[in-house]
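Undergrad: I'd like to ask some things about the structure below.
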Amino acid sequence: TKFRAPRDEKQFILWQKAIPRSDRKLTKQDYVCAKHFKDKDLTKERTILNEVFPLKIWKLAAEAIPTLNLCNC
């Protein structure tokens, strides 16, 4: 699962600072893989009437910032 860079300017700047690419900067057209986010930032399932259903399309918390498995590539 991939998530598009945020449209909100403040959140976008935080993402740019969090992703240390040496070859280019993150743009608003870029996507970031789910493996770069903490599990607490991802919603992978939904509970309806005490029954859990997996989501086909995961949801990302609004305040999430990519922090995992980042390299200075």
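Undergrad: Any chance you could count how many residues in the stretch 24-45 are open to solvent by 100 Å² or more (accessible area, probe 1.4 Å) and part of a strand (DSSP E or B)? Outline the logic, then answer.
TA: Within the stretch 24-45, the subset open to solvent by 100 Å² or more (accessible area, probe 1.4 Å) is 24-25, 29, 31, 35, 39-40, 45.
Okay, now just the ones that are also part of a strand (DSSP E or B), so 31, 45.
Within the stretch 24-45, residues that are open to solvent by 100 Å² or more (accessible area, probe 1.4 Å) and part of a strand (DSSP E or B) number 2.
Undergrad: Something else now. For the stretch 3-58, what are the residues that are among the polar types (S, T, N, Q) and farther than 25 Å from C71 by Cβ?
TA: Of all residues in the stretch 3-58, those among the polar types (S, T, N, Q) come to 11, 16, 22, 27, 29, 43, 47, 50.
Those that are among the polar types (S, T, N, Q) and farther than 25 Å from C71 by Cβ: T43, T47, N50.
Undergrad: Between a first residue in the stretch 48-73 that is more than 23 Å from D8 (Cβ to Cβ) and a second residue that is open to solvent by 100 Å² or more (accessible area, probe 1.4 Å) and assigned to a strand (DSSP E or B), which pairs have beta carbons less than 8 Å apart while being 6 or more apart in sequence or on different chains?
TA: Qualifying pairs under 8 Å: V52/E45; V52/R46; F53/E45; F53/R46; P54/E45.
Undergrad: Also, quick follow-up: For the stretch 46-73, how many residues are assigned to a strand (DSSP E or B), open to solvent by 100 Å² or more (accessible area, probe 1.4 Å) and in contact with a Lys or Arg (Cβ under 6 Å, 6 or more places away or on another chain)?
TA: First, pick out the residues of the stretch 46-73 that are assigned to a strand (DSSP E or B): 46-48, 51-60.
Checking the rest, the ones that are also open to solvent by 100 Å² or more (accessible area, probe 1.4 Å) come to 46, 51, 54, 56-57, 59.
Remaining after also requiring in contact with a Lys or Arg (Cβ under 6 Å, 6 or more places away or on another chain): none.
Summing the residues that are assigned to a strand (DSSP E or B), open to solvent by 100 Å² or more (accessible area, probe 1.4 Å) and in contact with a Lys or Arg (Cβ under 6 Å, 6 or more places away or on another chain) in the stretch 46-73 gives 0.
The values are calculated or read from the model by the stated rules, or taken from the named source; none is laboratory data. The shown structure was predicted, so the numbers you read here are calculated from the model rather than taken from an experiment. So basically every Cβ, Gly included, is an ideal-geometry build from the backbone, and we count neighbours across all protein chains shown. All accessible areas refer to the heavy atoms of the entire protein, side chains included, with ligands and DNA or RNA removed. Shrake-Rupley method; radii C 1.70, N 1.55, O 1.52, S 1.80 Å.
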